[in-house]
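Data block below; observations after.
The values are calculated or read from the model by the stated rules, or taken from the named source; none is laboratory data. This structure is a prediction, so every number in the text was calculated from the model and none was measured. Glycine also receives a Cβ, built like all others from the backbone with ideal geometry; neighbour counts cover every protein chain displayed.
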Amino acid sequence: MSQPRCSNSLTSSCALTVTHKELHNRLREERARRNLTQADLATMVGVSRKTINTVENGVFIPSTVLALRLARALGTSVEEIFQLPGKVP
């Protein structure tokens, strides 16, 4: 697992760096289960079809806001779409 990376030693806030290999992604399956195209889902959440494609392929890890929008559009939870290792069904 990646180590926390502190942006400033004077602050206590650190960001956890997660790579696409460390995040299991079920977006394609959830989208397909609802008979939505990438373009349909993109329109629903206000992003491009290419963004949906890159998330599905693990090239891009979505922001918290986008992950929440995707979950809401698909009528599920963020945890049903994205899981860390050990949480994969």
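Annotations for the structure displayed:
- Some residue of segment 8-15 being modelled with pLDDT of 95 or more and hydroxyl-bearing (Ser, Thr, Tyr): no
- Residues satisfying the stated conditions in segment 57-77, i.e. part of a helix (DSSP H, G or I) and loosely packed, with under 15 Cβ neighbours inside 10 Å: 64, 65, 68, 72
- Cβ-Cβ under 8 Å pairs, at least 6 apart or on other chains, segment 41-58 side at pLDDT below 95, far side part of a loop (DSSP other than H, G, I, E, B): 58/23
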